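K.L.:
Pasting a structure here, questions to come.
Please treat every number below as a calculation from the coordinates, not as lab data. Please read these numbers as outputs of a predicted model, since none were measured by experiment. Every residue, glycine as well, gets a Cβ built from its backbone with ideal geometry; the counts of neighbours run over all protein chains shown.
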Amino acid sequence: MFAKRRNKLKNTGRMSTQEHEVSARPFNGRVRIMSAGYLIADSTNAIELAETGYGNVYYIPKTDIRMDLFVPSATRTDCPYKGAASYWTIDAGAVSIEDAAWSYEQPLPAVSVIAGHLAFSPSKIDAIESTSA
């Protein structure tokens with residue numbers, strides 16, 4: 001169902017100021033995302049991003065996501081630490097969940113490892129399951 005990619009990322013990203021820190025590293029385990037009655041992502045290639053003031057967020061490669069259930073949203077935001085974010089809507093037939101995920105297609109260099117990955121809004125999906133290896 002999902003493309004498998006066994007090579008783990010060797011790069012990690014980190015950017016910090018005196019008051020704010022962002023770091024990204026490969027997550028050593030499996031992450032599954034469920035929403036709208038579907039398993040929409042299943043990955044052993046997730047990136048875990050930690051940012052001051054926020055809970056840790058998993059970024060899942062698009063190759064491990066049911067991208068056939070997603071359409072781009074018109075929503076855009078800018079983060080001074082990660083760059084410009086694009087949002088994605090789950091479109092699963094009778095179910096539509098606007099801005100359920102976001103991505104940084106051209107993130108700032110310090111977090112370039114999240115390019116081509118999506119993160120999911122916990123308030124808009126059913127479950128994020130993670131298990132460490």
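K.L.:
Inside segment 76-133, counting only strands (runs of 3 or more DSSP E) that do not spill past its ends, which hold 2 or more residues that are loosely packed, with under 15 Cβ neighbours inside 10 Å and either hydroxyl-bearing (Ser, Thr, Tyr) or within 14 Å of the chain's Cα centre (by Cα) (or both)? Step through it out loud before you land on a result.
P.N.:
On the way: elements: 83-92, 95-103, 117-120, 127-132.
Strands (runs of 3 or more DSSP E) meeting the threshold: 127-132.
K.L.:
Which numbered condition trips up Asp68, out of (1) closer than 16 Å to Asn45 by Cα; (2) in a helix (DSSP H, G or I)?
P.N.:
(1)
K.L.:
A further question follows. Please determine, by comparing only the residues of segment 21-64 that are polar (S, T, N, Q) and buried (at least 18 other Cβ atoms within 10 Å of the Cβ), which one is nearest to Val111 (Cα to Cα). Reasoning before the result, please.
P.N.:
The first filter runs over segment 21-64 and keeps only residues polar (S, T, N, Q), leaving 23, 28, 35, 43-45, 52, 56, 63.
After this cut, where a residue has to be buried (at least 18 other Cβ atoms within 10 Å of the Cβ) as well, the list is 35, 43-45.
Working: Ser35: 27, Ser43: 19, Thr44: 19, Asn45: 16 Å.
It comes out as Asn45.
K.L.:
How many residues are over 26 Å from Val22 (Cα atoms) and without any contact (Cβ under 8 Å) to a residue 12 or more places away in the chain when one looks only at segment 75-108?
P.N.:
Going through segment 75-108 one residue at a time, the tally reaches 3.
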